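The values are calculated or read from the model by the stated rules, or taken from the named source; none is laboratory data. The shown structure was predicted, so the numbers you read here are calculated from the model rather than taken from an experiment. Virtual Cβ from ideal backbone geometry, glycine too; neighbours counted across all protein chains shown. All accessible areas refer to the heavy atoms of the entire protein, side chains included, with ligands and DNA or RNA removed. Shrake-Rupley method; radii C 1.70, N 1.55, O 1.52, S 1.80 Å.
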Amino acid sequence: MLPFARVSILGLGLIGSSIARSVRARMPTVRLTGHDADPDVRATADRLQLCDDIAESAGAAVIDADLVILCVPVGAMGALAAAFADDLPAEAIVSDVGSCKAEVARALHEALPGAVIVPAHPVAGTERSGPEAGFASLFQGRWCIVTPTPDAPEGAVERVRAFWERLGAEVETMTPEHHDRVLAITSHLPHLIAYTIVGTASDLEAVTQSEVIKYSAGGFRDFTRIAASDPTMWRDVFLTNREAVLEMLQRFSEDLSQLQRAIRWGKGDELFDLFTRTRAVRRSIVEQGQDDAAPDFGRTHG
Ligand code: NAP
């Protein structure tokens, strides 16, 4: 049996449109309603036939839903939930896909008192955004972390888990606070570092911009993929998961200073030991199917 029959997706960008495509492919009898604040996105979603209906307002989109998923930047979640609060059916389950969980859960509970809320985060994405960037297989074999608060009914958590499993994801459950610390190191800090390196390189005076671009295959270009990610989404992530990111940044800065010292004092063994450990991390990621084993991310040469 399908976990839900009528699903509403609010925000039809990369993640929202990927959910729509994936639901269409894997649960074709589900009735899909979509909404986006941007009229151009609504028109594109209509043209791509992402959903059965595209609603003009968030309230109209949720009116007969049994699952409502918010797929907007984390800073917009609370206001969006407040906008449809009066139209939400009592038996509907509300979920979201935000990259930070504790603050989003708090905002959703505040905007929707008494509603059944089961937040989730599919750990899958690309550096692209918008309705045309989505694809049906985005969640296949990726993790989706469900972060219910202790008061969430067991049955509702099970249905949200089943929904993501149907989309091909592997599902893990953890507390919102633990999620935010794990993602601070695995996702948020890497983005911050990529934004910094690309920013520093573009500010350099001794090395020209054209040289940075010309010789980027030396490593720089791999950071530029991450640093091309959506500015609104990532501004909101850093402002929302502030405490966990600052904690991980502190640890990172200390480790960076230690490396700086190792280079200054010619401690080759220290560098060699660290680089050996980090190589093993890459091997584990490939072994667990979280990335392709092909060298250089599978780029073709020659
Ligand atoms: P996206 O492609 O930029 O799509 C977001 C869409 O939501 C945009 O069309 C945006 O319209 C619309 N929107 C903004 N505020 C709205 C509102 N109040 N009501 C209705 N629609 C609204 O972003 P995304 O990558 O899909 O990210 C969506 C969420 O997924 C974020 O919370 C993000 O943290 C999370 N997430 C992202 C990734 C990733 O890799 N991208 C992975 C996992 C989770 P405008 O363009 O007009 O603002």
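Label positions at T196 and E91, each projected 7 Å from the Cα along the C-beta direction, are separated by 5.2 nm. Per-peptide packing, taken as the mean over residues of other Cβ atoms within 10 Å, places 76-83, 45-52 in the sequence 76-83, 45-52 from highest down. Have a look at A83, A58, T29 and report the one farthest towards the positive end of the charge dipole of the stretch 6-174, computed about the Cα centre with Cβ charges (Lys/Arg +1, Asp/Glu -1). It is T29. Springs between alpha-carbon atoms under 10 Å, Gaussian network over the chain: tell me which of F223, F139, F275 tops the mean-square fluctuations. Comparing F223, F139, F275 in a Gaussian network model of the chain, the most mobile one is F275. Between R251 and T186, the modelled labels are 1.3 nm apart [label points 7 Å from Cα along Cα→Cβ].
Ordering E165, E247 by how much accessible area each has at a 1.4 Å probe, largest first, what is the list? Display every interim value, and only then the final one.
Values: E165 95, E247 75 Å².
Result of the area sort, largest leading: E165, E247.
For the chain, a Gaussian network of Cα nodes joined below 10 Å ranks E270, E103, E132 by mean-square fluctuation, and the top entry is E270.
Scalar couplings 3J(HN,Hα) for the stretch 112-117, obtained by applying the Karplus form with A = 6.51, B = -1.76, C = 1.60 to θ = phi - 60°, are 10, x, x, 7, 8, 10 Hz; x denotes Gly and Pro. A cut-off of 5 Å between modelled amide H atoms, ignoring neighbours fewer than 5 places along the same chain, links V171 with C144. Summing Cβ point charges (Lys, Arg +1; Asp, Glu -1) relative to the Cα centre of the stretch 178-289 gives a dipole of roughly 280 debye.
Around the amide H of I54, modelled in the peptide plane, lie the amide H atoms of G34, all under 5 Å away and 5 or more residues distant in sequence or on another chain.
For the residues V182, V23, V72, a GNM of the chain with alpha-carbon springs under 10 Å puts the largest fluctuation on V182. Residues in the stretch 153-170 carry Karplus couplings, in order, of x, 3, x, 5, 4, 4, 5, 5, 4, 4, 4, 5, 5, 4, 7, x, 7, 9 Hz; the curve used is 6.51 cos²θ - 1.76 cosθ + 1.60 with θ = phi - 60°, and Gly or Pro positions show x.
Taking the Cβ of F139 as the centre, find all other residues whose Cβ is under 11 Å away and add up their charges (Lys, Arg: +1; Asp, Glu: -1). Please list the in-between numbers first.
Working: positive: R21, R26, R142, R166; negative: E165, E170.
Net charge in that neighbourhood comes out at +2.
Expressed as an acute angle from 0 to 90° and rounded to the nearest 10, what is the orientation of the C-alpha long axis of helix 102-111 relative to the principal long axis of the chain? Roughly 20 degrees between the two axes.
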